[in-house]
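Remarks on the structure that follows.
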Amino acid sequence: MRKISKEAREFCEADKQLFIGNKWVNAADGADFETVNPANGTVLCRIQSAGESDVNTAVDVARKAFQGKMYRMSPAKRAGLLHKLAELLLRDLPVISEIECLDNGKPIDRAIGDVRAAVAHLRYYAGWADKIEGAHIPVSDPDTMVYTRREALGVVGIIVPWNFPLVMAIWKLAPALACGNCCILKPAQQTSLTALYLANLAKEAGFPPGMLQVLTGAGETGSIIAHHPDIDKVGFTGSTAVGKKILAASAASNLKKVSLELGGKSPNIIFDDADFASVRESLVWASFYNSGQECTLGSRIYVQEGVYDQVVTQLAEDARKLTIGPGLGNPDLGPLISTDQLDRVMGYIESGRSEAELISGGNRLKGEFSDGYFVEPTIFAAENQSIRIVREEIFGPVVTISSFSDEDELIDMANDTRYGLASAIWTQNISRGHRIAQRLQAGVVWINGYDLFHPAVPFGGYKESGIGREMGKSALDLYTQEKAVWVKL
Ligand code: NAD
């Protein structure tokens, strides 16, 4: 087991405040909450919980910054600040990844990978900061000139979940800041620590007060942000249920712009002509990565009839070999995030036991790790597509596996979901790969791979998996608005 550094331990154990205007302050009403290490259930520290008056203060500070320092800041300066933040994240990579590992539970190597992904995103959007251009539009009257400007929105609320705490925050912060907005980040209450660490680094990097603020708290804090009449935009990642509340809050307040990255129930499709060595290497990770707490999880596996038994047997064998334990020991899988999530996942497993055939797993870990929220990777064979474990997002290490005969049947099954985030196809028939990719209703299709990401490639959901595309050039549209300027010459 890796020994945690003094810096990371001290940071995790010190009680935390809100970060407003580059200062650490208590919530106006002094409310706070605990954050817990999911590997053993112990309290790491207490964190202030932002209420209405704290959100108001942060919005005022952000508005002043947006109209002042940020308005006057050159795009090159914004790029420089993002590059500096990336450099500081890399400098502190060992400490930040240990903090994430303790707070979220994920294996230390995965936490290190998350910090590197955050750095890559910051650098990619730093590159965009001085390339956000408008256009000249020729109109019929030669004495009239029209041009467009892409302008920052203003004050942006960013609300993120707990499964990839730092990465989810940076996916939004990097483009929003590159475009010149002032951001108020609300991390998930289960995993606030890396967001708070990031605040310190932003200040050290030279971010002026109000450019990035961090308000910790649970859903109530998020709801205040979503309803706030002087916030121009909310970028949200989380569940579809809360995403709908964010949209409703926008309608009920000021029609703030909203982009949503929501849940998924992604089909992972294996044809009988696949390269089975590659399938085997990928499938166990596509099914159980991050202990299944992943929006793109390949949670519905569809296998063509002739190879179904072989795939089921191999996946069960590979799942049983996965190591499980506290993140600092660098196992394959860490704990679930909380007791709530543990109860939810075990509830789905119980429902699966009565409605489908349990192939492997199905239990909470006993013995040495019984204080933590660990669940075995679990596989159900499910021919009936109307049962809960096939239809609902579980967000834990639980997958269903079903067989199909031909492409038409497969497409009906794969698209029979209210979600549409990700999907994958395994085949060596290039025409079939592209044909199925066209017919799948999902924002991402991987052919002969899974969970492939790059900052330059747009990501987002069809149907109830979201609104808008993050990453790539697409994210610039989420954090700017277009103005047409007409000039009579
Ligand atoms: P959640 O929706 O419960 O919470 C997400 C965030 O919203 C948290 O910060 C929470 O405090 C806040 N929140 C809760 N209620 C709120 C309200 N009424 N108003 C405003 N904010 C509120 O989701 P979670 O349990 O933290 O994360 C799991 C979900 O996130 C899953 O559904 C998963 O698929 C989804 N997710 C999606 C993506 C993606 O990119 N599409 C990525 C990661 C996670």
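The values are calculated or read from the model by the stated rules, or taken from the named source; none is laboratory data. If you're wondering where the values come from, they're calculated on a predicted model, not measured in any experiment. With ideal geometry, Cβ positions are generated from the backbone for all residues, glycine too; neighbour counts draw on all protein chains shown. Please note that ligands, DNA and RNA were not included when accessible areas were found on the heavy atoms of the full protein model with its side chains. Shrake-Rupley method; radii C 1.70, N 1.55, O 1.52, S 1.80 Å.
Details
- Those residues of the range 469-483 which are open to solvent by 60 Å² or more (accessible area, probe 1.4 Å) and assigned to a strand (DSSP E or B), in sequence order: Gln481, Glu482, Lys483
- Just one of the numbered conditions (1) under 18 Å from Ile389 (Cα atoms); (2) basic (Lys, Arg); (3) open to solvent by 10 Å² or more (accessible area, probe 1.4 Å) is not true of Lys265: (3).
- Subset of the range 352-404 that is open to solvent by 50 Å² or more (accessible area, probe 1.4 Å) and in contact (Cβ under 8 Å) with a residue 60 or more places away in the chain - its residue that is farthest from Asp309 (Cα to Cα): Asp371
- Among the residues of the range 405-436, the ones that are over 28 Å from Glu261 (Cβ atoms) and without any contact (Cβ under 8 Å) to a residue 24 or more places away in the chain come to 5 in all.
- Residue, farthest from Gly264 (Cα to Cα), within the range 446-468, restricted to residues that are within 16 Å of the ligand (Cβ to nearest atom) and not in a loop (DSSP other than H, G, I, E, B): Trp446
- From the list Ala27, Ala79, the one residue that fits, being over 30 Å from Gly329 (Cα atoms), touching an Asp or Glu at 6+ places or on another chain (Cβ under 8 Å) and in a loop (DSSP other than H, G, I, E, B), is Ala27.
- Among the residues listed as Ala226, Ala241, Ala252, the single one being touching a His at 6+ places or on another chain (Cβ under 8 Å), outside the structural domain of Thr427 (by TED's automatic domain parsing) and among the hydrophobic types (A, V, I, L, M, F, W, C): Ala252
- Filter result (under 20 Å from Thr57 (Cβ atoms) and within 11 Å of the ligand (Cβ to nearest atom)) within the range 229-245: Val234
- Of the strands (runs of 3 or more DSSP E) contained entirely in the range 246-342, those carrying at least 1 residues that are within 11 Å of the ligand (Cβ to nearest atom) and in contact (Cβ under 8 Å) with a residue 60 or more places away in the chain fall at 257-261.
- Scan of the range 413-440 for residues that are open to solvent by 10 Å² or more (accessible area, probe 1.4 Å), over 10 Å from Pro267 (Cβ atoms) and of a type in the set (S, T, N, Q), ordered by number: Gln428, Asn429, Ser431, Gln438
Yes or no, residue by residue, for (1) open to solvent by 70 Å² or more (accessible area, probe 1.4 Å); (2) in contact (Cβ under 8 Å) with a residue 24 or more places away in the chain:
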| position | (1), (2) |
| --- | --- |
| Pro38 | no, yes |
| Gly41 | no, yes |
| Arg46 | yes, yes |
| Ala50 | no, yes |
| Asp54 | no, yes |
| Ala58 | no, yes |
| Val61 | no, yes |
| Gln67 | yes, no |
| Lys77 | yes, no |
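- Residue among Gly472, Gly468, Gly396 that alone is on the phi > 0 side of the Ramachandran plot and touching a helix residue (DSSP H, G or I) at 6+ places or on another chain (Cβ under 6 Å): Gly468
- Boolean, Arg46 is outside any strand (DSSP E or B) and either more than 29 Å from Ala226 (Cα to Cα) or of a type outside the set (Val, Ile, Thr) (or both): no
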